[in-house]
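Asks: Sharing a structure, written as structure tokens. Questions coming.
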Amino acid sequence: MAEPETDFDRRPDPEALLALAEQERSGRLCVFLGAAPGVGKTYAMLRRARAARDEGMDIVIGLAETHGRRETEELMAGLEVLPRRKVDYRGRTIEEFDIDAALARKPQLIIVDELAHTNAPDSRHPKRWQDVDELLRAGVNVWTALNIQHLESLADVVSKITGISVRETVPDRVLHQAADVVLVDITPDELLQRLKEGKVYVPETAQRALQNFFTPRNLTALRELALRRTADRVDDQMVDFLRQGAIEGPWATTERLLVCVGADSSSQKVVRAAARLATGLNAPWVALHVARSGNDEQSAETVKKIYDALHLAEQLGAQIERLTGSDLAGEVLKYAHRENITQIVIGRSRASLFGRLFGWSLTDEIVRRSEDVAVQVVMGAERKRVAERPGWLRLGDGHYWPGATAALFSVALTVAIGYLLDRWLSLPNLSVIFLVPVVLCAAWFGLWPAITASVLAFLACDFFFIDPRYQFTIRDPSEFLALVVFLIVAFVTGMLASRVREYSNFMRTRAETAQSLFEFSRNLSGASNLDEVLWAAVGQIQKTLDARCVVLLVPNDGELTLSAAWPPLDELDAGETSAARWVLEKCEPAGWSTGTLPNVRFQFRPLSTSRGVLAVAGVEFKKADEPLSAQQEGTLTTLLEQTAIALDRSMLVGEAVKAAALEENEKLRMTLLSSLSHDLRTPLTSITGAVTSLRQLGEKMSAFDRQDLLASIEEEAGRLSRFISNLIEMSRIEAGAIAPRREFIEVGDAVKTAVERSRKAFPELKVSASLSQDLPLIKGDVNLLSNVLFNLLDNANKYGDGTVAVYARREGADLVVSVTDEGQGVKPSDLERIFEKFYRGGRVDGRKAGTGLGLSICRGLVEAMGGKIAAQSPAVRRRGTRIVMRFPIPQQPGQGGSA
């Protein structure tokens, strides 16, 4: 019995809702799609724009091409038109769409005609559809026009139908992401009639068009493509609406496609076929390139073919992946199973029988080994085998001819050695020594020079050492068999040695890359500040990739600043700065070999973490006409990711230091407020109470009581005075305003002054002083030292038991002054903290009255005079607290040497 359906089972599709939310955050794109020029796309777009304007919509014409058609120009009357941007190009001035003016105006709706147009070289984006994409992301609604032949995935189909190559294309995802597609359609006969009447082109151009592009067969085929693509888009929209509304339907199982991209010239055709298939299935797809292990030394032409095919796939909406492995078919199928791929699309070119013998046919291997994944084979455009062979099987690279020359000379040298051995040793078979040049050529130059050496060795052995000599004939059948075996062994040996060489080169390259990354990680881990991280990054990228690297940071004002560059660079030009700012704002690459400002020399990439873009890195490669190889791309990506992590860590450390400083300042502020509220209010309350009593009851009080109240007022006023003096003294110390006199003083004078002052301030405190005879002079300020001793006596009076001893003596090269009380002492863990501002804890007997500034002031004054101060308590002594000050003993006046 079937279970009843619940509301949870009928919930809307989450992915459809996320897509809807993303669409609502950006502007809406409406594409007026036509089968060919002249069907009336611009006319229909402007007519709708006038109607929308009459309804109150804010509409601006960013760019509209009328091609001199009077009825189209009349529709523009009364509509706001943005001025075009003038660009000087090859000695003439051309007009382009001004995207900056459009973003500054930011209307509710803007019309941008001819979506497939290629912008002038100095424009921000190479293509107009990229301008439209930026407008959409800024929240501006856009209407635009497009002919069906300009869709990227249909370019090869249109070229095959019409015989005309389409140079300007638009990625299919642009049409797929359009909120509305308006099909502007007329019959081929009507279009041909309009062409003859001069409503599409001028008469001369129209006549040529009738003979080439505008034929009934071509127009009918293009019309079918436009109708089918519009129907597919409408069907996709209907499915999205149903999923968003949780409406039941027989949903098809989600397909996921994988297209294999190689270095052959038909890869772009395979990519377009995969894009059309993915569009028809409304399925995500992946473009995969697998590089063979040990084949990192690819030619610039090979790298460019791979880059162009992958770049085309990315434009058409594919996810790009790169892998490395020795078993290409196995890597493809392993990835397909891991990523839940349902269909593999691969091209097929005709391989020779020899190529099939050595496993060059990747298509046959994938078809043979694929069991649960469907394989779509796109027949190649070329009849000859052009797919890339393994590095150990390539003949036409630059290493062959030097290797062939080496093979010739090495075999000749072996013949000479064979002659000597044959004369002196009379060996029965010298063919074994001819394996030496084969192995050497394989190890130094690769397989084909080794095969050349094998053939030359075969012929040389036959000609010079097998009877009859000096003839290419063999008398004994056993000799012939031995020679054939030798040739086979030479071939196999050369092949194995060549593959070992390639693998050795591959592992050496990998080891160098790994060592470079390890050194970079070690340098970053040892970087103590932001500048060290930046300079380590630019230096490592320059060293690893042989490219100039710059890093721009974002200070508090939000403007990018050039913070590090290697080799050194003074500043970036305006175009490079604009590209870097684009990366900062959009968090996507810009500059060289990208879709934004591709004419600048640097390629800028964001250094981003979970907190956003922290900086922008720019890399300038020496060979600007060659794209990055897979190895360079991977290395650069890894270096930039590590740099971003290091920057994030360095910034977090700086922020943590700032946060700790703010927390400490807040703690000091709260402590100061607490001290002010307690240590100011308590004496003020006592003074106020005594004054009030004297005013109201003065005549009724006895003389003794009045004297007692006056003494209380004097004591509390003195307490206030000391508190204010301590605050002022502390602020002077922190501001560096205290500059003690550095003159010779007698410590005994400072001790006597402080003891006498304490006896007046604290009559109940018993102070004893013990000074060694013949104490040396020290350099300092006698008044400051006296204040230090008085603060220490004040502290002993608060926390001691009423008995204090002051000692002064000489210990080695120091003069030591100590103040000792017999109180409960300080906890061992707080012996250092008691010198901090406002710290009043740490006493074994708990907290008593005090501001927490006395000992902090003592440390500041002692250190200002060049001394040191420390505390000792029960951990060192049995009870009480001893404050010890040490002052260096200078050369005494009138002495020739040190004291």
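The values are calculated or read from the model by the stated rules, or taken from the named source; none is laboratory data. What you are looking at is a predicted structure, and each value in this text was computed from that prediction instead of being measured. Don't worry about glycine lacking a Cβ; one is built from the backbone with ideal geometry, like all the others, and counts go over all protein chains shown. To get the accessible areas, we keep the full protein, side chains included, count just its heavy atoms, and leave off ligands, DNA and RNA. Shrake-Rupley method; radii C 1.70, N 1.55, O 1.52, S 1.80 Å.
Asks: Which residues, counting only those in segment 774-783, are surrounded by fewer than 20 Cβ atoms within 10 Å (Cβ to Cβ) and either among the aromatic types (Phe, Trp, Tyr) or not in a loop (DSSP other than H, G, I, E, B) (or both)?
Replies: Within segment 774-783, 779, 782, 783 qualify.
Asks: When only residues in segment 221-241 that are surrounded by 14 or more Cβ atoms within 10 Å (Cβ to Cβ) and over 39 Å from the mean Cα position of the chain (by Cα) count, which is modelled with the lowest pLDDT?
Replies: 230
Asks: Being over 25 Å from residue 593 (Cβ atoms), open to solvent by less than 10 Å² (accessible area, probe 1.4 Å), among the small types (Gly, Ala, Ser) and within 35 Å of the chain's Cα centre (by Cα) is true for just one of 120, 102. Which residue is that?
Replies: Result of the check over 120, 102: 102.
Asks: Taking residue 60 as the residue in question, decide whether it is touching a residue at least 40 places away in the same chain (Cβ under 8 Å) and part of a strand (DSSP E or B).
Replies: Yes; evaluated as a whole, the condition is true for this residue.
Asks: How about segment 146-162: which of its residues are without any contact (Cβ under 8 Å) to a residue 24 or more places away in the chain and of a type outside the set (S, T, N, Q)?
Replies: The answer is 160, and nothing else.
Asks: Looking at residue 500, is it hydrophobic (A, V, I, L, M, F, W, C), farther than 30 Å from residue 642 by Cα, part of a helix (DSSP H, G or I) and open to solvent by 70 Å² or more (accessible area, probe 1.4 Å)?
Replies: Spelling it out, residue 500 is indeed hydrophobic (A, V, I, L, M, F, W, C), farther than 30 Å from residue 642 by Cα, part of a helix (DSSP H, G or I) and open to solvent by 70 Å² or more (accessible area, probe 1.4 Å).
Asks: If you take the residues of segment 801-834 that are buried (at least 16 other Cβ atoms within 10 Å of the Cβ) and more than 24 Å from residue 887 (Cβ to Cβ), which of them is nearest to the chain's Cα centre (by Cα)?
Replies: Applying the filter and picking the extreme gives 830.
Asks: Do you know which residues across segment 132-174 are open to solvent by 20 Å² or more (accessible area, probe 1.4 Å), farther than 23 Å from residue 213 by Cβ and of a type in the set (D, E, K, R)?
Replies: Within segment 132-174, 133, 137, 173 qualify.
Asks: Condition first: farther than 21 Å from residue 54 by Cβ and part of a loop (DSSP other than H, G, I, E, B). Now tell me which residues in segment 67-78 satisfy that.
Replies: The answer is 67, 68, 69.
Asks: For segment 167-205, name all the residues that are among the β-branched types (Val, Ile, Thr) and at pLDDT 85 or above.
Replies: Hits for segment 167-205 are 169, 170, 174, 181, 182, 184, 186, 187.
Asks: Within segment 713-723, count every residue that is at pLDDT 80 or above and among the small types (Gly, Ala, Ser).
Replies: 1
Asks: Check 472, 464 and return the single one that is part of a helix (DSSP H, G or I) and either more than 24 Å from residue 499 (Cα to Cα) or among the charged types (D, E, K, R) (or both).
Replies: So the residue among 472, 464 that is part of a helix (DSSP H, G or I) and either more than 24 Å from residue 499 (Cα to Cα) or among the charged types (D, E, K, R) (or both) is 464.
Asks: More than 13 Å from residue 615 (Cβ to Cβ), open to solvent by less than 40 Å² (accessible area, probe 1.4 Å), touching a Ser or Thr at 6+ places or on another chain (Cβ under 9 Å) and in contact (Cβ under 8 Å) with a residue 60 or more places away in the chain - does that describe any residue in segment 558-578?
Replies: no
Asks: Something else about it: In segment 666-705, which residue that is more than 21 Å from residue 716 (Cα to Cα), in a helix (DSSP H, G or I) and open to solvent by less than 90 Å² (accessible area, probe 1.4 Å) is modelled with the highest pLDDT?
Replies: Only one residue tops the list, namely 666.
Asks: Are any residues in segment 32-46 hydrophobic (A, V, I, L, M, F, W, C) and in a strand (DSSP E or B), and if so, which ones?
Replies: 32, 33
Asks: The conditions are (1) more than 16 Å from the chain's Cα centre (by Cα); (2) assigned to a strand (DSSP E or B); (3) within 17 Å of residue 644 (Cβ to Cβ), and residue 548 fails exactly one of them. Which is it?
Replies: (3)
Asks: Taking segment 592-618 as the search range and keeping residues that are basic (Lys, Arg) and part of a loop (DSSP other than H, G, I, E, B), which one is nearest to the chain's Cα centre (by Cα)?
Replies: 611
Asks: Out of (1) surrounded by fewer than 20 Cβ atoms within 10 Å (Cβ to Cβ); (2) in contact with a Pro (Cβ under 6 Å, 6 or more places away or on another chain); (3) of a type outside the set (A, V, I, L, M), the odd one out for residue 589 is which?
Replies: Status for residue 589: all satisfied but (2).
Asks: Taking segment 618-641 on its own, how many of its residues are closer than 19 Å to residue 530 by Cβ and open to solvent by less than 50 Å² (accessible area, probe 1.4 Å)?
Replies: Total satisfying the criteria: 3.
Asks: Select from segment 527-538 the residues that are open to solvent by 60 Å² or more (accessible area, probe 1.4 Å) and part of a helix (DSSP H, G or I) and write down the one among them that is nearest to residue 568 (Cα to Cα).
Replies: Among those residues, the one meeting the criterion is 535.
Asks: Name the residue, out of 764, 756, that is part of a loop (DSSP other than H, G, I, E, B) and not hydroxyl-bearing (Ser, Thr, Tyr).
Replies: Step by step, each of 764, 756 is checked, and only 764 is part of a loop (DSSP other than H, G, I, E, B) and not hydroxyl-bearing (Ser, Thr, Tyr).
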